[in-house]
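Heads up: the structure comes next, in structure tokens.
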Amino acid sequence: MGYLDNTTITVDAILTKAGRQALARNDGSFRITQFALGDDEIDYTLYNEDHPNGSQFNGEAIENMPLLEAFPDENNIMIHKLVTLPRGTSKLPVVTANLSAVQLSLGSTTTINPTTLNFSGLSNLKEPGGYFFTVADRRLFTQAVGVGARGKSRTAKPFTQSALSETIKGQSLSLTAINSTSLFGTNTVLLTTLTIEGVDSGARVTIPVKITKEVIVTKATGETGVQIR
Amino acid sequence: MATINRYGEGDVVLSTDKVVTSTWSDNVNNLTTFETSSVQATQTDPNSQGNFFIEVYNMATSSVSASVQFSISYGHKLGSGSVDFTNDTGSFGFSAARCVYNQYRQLVYGDETQNFIFSTHTPEDIYVINVNRARYRHNLKPGSLNLRLIQGNTVLKLTDDSVTTTGSATITNAGRQFNLVSGSSGVMLGSSIAQVGTTSSYGLFYPDAGLIVLNPDAVGTTLSNLVPTRGNNSNGQNIQKLYNAIDNTAPQFIVDSEERISSQFYFTRVKNFEFNYSTNPSFIDGTGNLNHTSMIDMPRVYISTVGLYNDNGDLLAVAKLSQPVAKDFTKEALIRVKLDY
């Protein structure tokens, strides 16, 4: 007779950049109420269904893998979430957007409309809970508005020297680029990413966003607009 | 279908623990090297920084690793022992030494008329050892102080009387106050706090403020090199005297510091029917089909990360496991996530 395993796994957490900022803001937004589980770093192609020692050893390679420490950038961690689905599910949800990449000139606006494949067994449905839209660098946008049920606009936050992400919830997202060139320096384009994650499904897709340094000036003489590059 | 679960009542527990560490940089227990910056120690002008205090480093200041461990200072209630800022009628005695004395008097007593009293003796002046705040964290630990001062072969070992004395410490504006006595690790030699004559202790120890205030009359009785030079409008080099008296031959300056760390524990409970599928791209193909057919009946995923969120869905904190934990419909997991503040 052996002893039963009654151990609890104990892990130390670190604050993310967003967590530190929420703590510094002291506006009540630093209040942990929920958790999610992720399997970042796990490559399921290492799951060996043909293991010679039998099916108990299928996950041998994964289970013996040492994991890396957590890093504090909320955009680069918890990328792949575990999801609760009924047993026997053979197709998992996949999020797709109406644009494969976003390109905006200064001050221009576009709308991103995601749908989810295989959601509730159907194709290309809007998730009822909406989507989390996360822009990796919120300084590059003057407006980011979640449209539709449960949609939320971004809240006013102080300017930061470095890139900081922001998450907006909604069925779709209206995104307006900055209309000043101060962040460009000598660059002609600024790059960031937009990550769309289904609230209900947890499926996500990341698309690149490019802001070009184009200013459209309309002269008082009535001439047509001149583009300054 | 869900990717996020709420913590229930009783899943979040706050705990505060006291942590004791060595005070000096790199967790060194006994500070044995005492270096100063020659630039700072200059006392050319009445208002030079070196007339007010000298910072003591753990190694030569030419090293990039050198960091301030404590500062030493000298104060005189009438301003003697240092040069007047303006040596003229109406401003005699207004010097660095007077500034220092009044500053610490305000800090400890909050009263501009109260002088430092050691047992029942009231000297004119004080020496001060001020431990750098970054070193002592929340407070120095009473009962851990061991300071060795010397003059030639004469040695004075000082400690606080927190272990010997029963009852509560005296409470001042600078927190708890203990007497500085001859002895070690909080245990006093002999039975009288009045270490010199029948009236005078060697000093006072303020662990909450990181301060050690020495009584020059008492330490000067045992070690004559610590008798201050108290001339009017003259630089007595008194701070240097204290620095020289800190033993460099068989050095001993030990004091521990205490810190209270508040930890929040999040008991993350994962039931057998939860979190058995993954959005990991290696788990499914481009259209959402499971890559491993054996997983259609018995999916198996591996937990590597726990994300902690607020109500808005912002990822506030994250924890990584040391090894992946397998999860399927026959397994439950309890992961205790600890977040320190």
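Scanning segment A:69-84 for residues that are at the interface with another protein chain (Cβ under 7 Å from one of its Cβ atoms) and either closer than 25 Å to A:Asp12 by Cβ or surrounded by fewer than 22 Cβ atoms within 10 Å (Cβ to Cβ) (or both) returns A:Glu69, A:Ala70, A:Glu74, A:Ile77, A:Met78, A:His80, A:Lys81, A:Leu82, A:Thr84.
Just so you know, in segment B:214-235 the residues that are farther than 24 Å from B:Asn153 by Cα and not polar (S, T, N, Q) include one that is farthest from the chain's Cα centre (by Cα), and it is B:Gly231. Residue count for segment B:312-339, restricted to those that are in contact with a Ser or Thr (Cβ under 6 Å, 6 or more places away or on another chain) and more than 7 Å from chain A (Cβ to nearest Cβ): 0. Screening B:Ser182 on (1) modelled with pLDDT under 95; (2) closer than 25 Å to B:Tyr57 by Cα shows it passes everything except condition (2).
If you scan segment B:252-271, which residues turn out to be surrounded by 15 or more Cβ atoms within 10 Å (Cβ to Cβ) and more than 14 Å from chain A (Cβ to nearest Cβ)? The answer is B:Gln252, B:Phe253, B:Ile254, B:Val255, B:Asp256, B:Ser257, B:Glu258. Need the failing condition index for A:Phe132 against (1) surrounded by fewer than 20 Cβ atoms within 10 Å (Cβ to Cβ); (2) touching an Asp or Glu at 6+ places or on another chain (Cβ under 7 Å); (3) facing chain B (nearest Cβ under 8 Å), just the number. For A:Phe132, the exception is condition (1).
Checking the condition aromatic (Phe, Trp, Tyr), surrounded by 14 or more Cβ atoms within 10 Å (Cβ to Cβ) and facing chain A (nearest Cβ under 7 Å), which residue from B:Tyr243, B:Tyr309 passes?
On the way: B:Tyr243 fails: facing chain A (nearest Cβ under 7 Å).
Every option except B:Tyr309 fails the conditions.
If you go through segment B:277-290 and keep only what is within 16 Å of A:Arg87 (Cα to Cα) and touching a Phe, Trp or Tyr at 6+ places or on another chain (Cβ under 6 Å), you end up with just B:Phe283. Yes or no: A:Thr111 of a type in the set (S, T, N, Q), at pLDDT 90 or above and closer than 28 Å to B:Glu332 by Cβ? In short, no. Pairs are defined by a Cβ separation below 6 Å, a sequence spacing of at least 6 or placement on different chains, a first member in segment B:152-167 that is charged (D, E, K, R), and a second member that is not in a strand (DSSP E or B); the pairs so defined are B:Asp160/B:Pro142; B:Asp160/B:Leu145; B:Asp160/B:Gly186.
All told, A:Thr10 meets the bar of being under 14 Å from B:Val306 (Cβ atoms), out of contact with any Cys (no Cβ under 9 Å at 6 or more places or on another chain) and within 9 Å of chain B (Cβ to nearest Cβ).
So that you can scan it fast, the table gives a plain yes or no per residue for (1) at the interface with chain A (Cβ under 8 Å from one of its Cβ atoms); (2) touching a His at 6+ places or on another chain (Cβ under 9 Å); (3) free of Cβ contacts under 8 Å to residues at least 60 places away in the same chain; (4) within 27 Å of B:Leu339 (Cβ to Cβ):
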| residue | (1), (2), (3), (4) |
| --- | --- |
| B:Phe273 | yes, no, yes, no |
| B:Thr279 | yes, yes, no, yes |
| B:Ser282 | yes, yes, yes, no |
| B:Gly286 | yes, no, yes, no |
| B:Asn289 | yes, no, yes, no |
| B:Asp297 | yes, no, yes, no |
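Please tell me if B:Ala209 is in contact (Cβ under 8 Å) with a residue 60 or more places away in the chain and touching a Gly at 6+ places or on another chain (Cβ under 6 Å). The answer is yes for B:Ala209.
With not in a strand (DSSP E or B) and not small (Gly, Ala, Ser) as the only criterion, which of B:Val39, B:Val20, B:Val13, B:Val56 stands out? After ruling out the rest, the residue left standing is B:Val39. For segment B:70-98, residues that are in contact with a His (Cβ under 8 Å, 6 or more places away or on another chain) and part of a loop (DSSP other than H, G, I, E, B) total 1.
For segment A:90-110, the tally of residues that are within 14 Å of chain B (Cβ to nearest Cβ), free of Cβ contacts under 8 Å to residues at least 40 places away in the same chain and not charged (D, E, K, R) stands at 1.
Scan segment A:14-42 for residues that are free of Cβ contacts under 8 Å to residues at least 12 places away in the same chain, in contact with a Ser or Thr (Cβ under 7 Å, 6 or more places away or on another chain) and closer than 17 Å to B:Thr305 by Cα and the total you get is 1. When you check B:Ser67 against the structure, is it under 22 Å from B:Asn248 (Cα atoms) and surrounded by fewer than 18 Cβ atoms within 10 Å (Cβ to Cβ), yes or no? Answer is yes for this residue.
Just a yes or no: is a residue in segment A:46-59 under 27 Å from A:Gln34 (Cα atoms) and surrounded by fewer than 20 Cβ atoms within 10 Å (Cβ to Cβ)?
In the first step, residues of segment A:46-59 are kept if they are under 27 Å from A:Gln34 (Cα atoms); the result is none.
No, the conditions are met nowhere in segment A:46-59.
The values are calculated or read from the model by the stated rules, or taken from the named source; none is laboratory data. Keep in mind that this is a model prediction, so the values were computed, not measured. Every residue, glycine as well, gets a Cβ built from its backbone with ideal geometry; the counts of neighbours run over all protein chains shown.
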